[in-house]
1. Can you say whether Val52 is touching a residue at least 60 places away in the same chain (Cβ under 8 Å), outside any loop (DSSP other than H, G, I, E, B) and β-branched (Val, Ile, Thr), as far as the supplied structure shows?
2. Quickly run through the stretch 57-86 and pick out the residues that are within 14 Å of Tyr42 (Cα to Cα) and among the hydroxyl-bearing types (Ser, Thr, Tyr).
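Computed from the coordinates by the stated procedures, all read-outs in this text should not be read as laboratory data. Not measured: the values here are computed from a predicted model. Neighbour counts are summed over all protein chains in view; Cβ atoms, including those assigned to glycine, are modelled from backbone coordinates with ideal geometry.
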Amino acid sequence: MSVHPRPTVSWKENSKEYHVCVGASLSPKIILTGKAPFAVRYSVSVHERREVKTITTTKLEDFIPLGPFADVGLHEIYLLEAKDNNGCKFG
């Protein structure tokens, strides 16, 4: 029997605040540990609306594609879950 560690996902620049204009896009970097490929779930919330999205990657350092932004105001982005090729989950 093999026991694998749980993968991790975190922001490369923790607690960074970005300022962009309507119509702009943003790609903040994430760092992953575990066995690739990964499925990363994240959420984007604005004005009481929450959208959950998933990206897949084979890289230990990648980015979350955001935008283009259509709404003004505060957008909150959260990393929810990372699942690696071992089937282990974080989050």
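1. no
2. Residues satisfying the conditions are Thr57, Tyr78.
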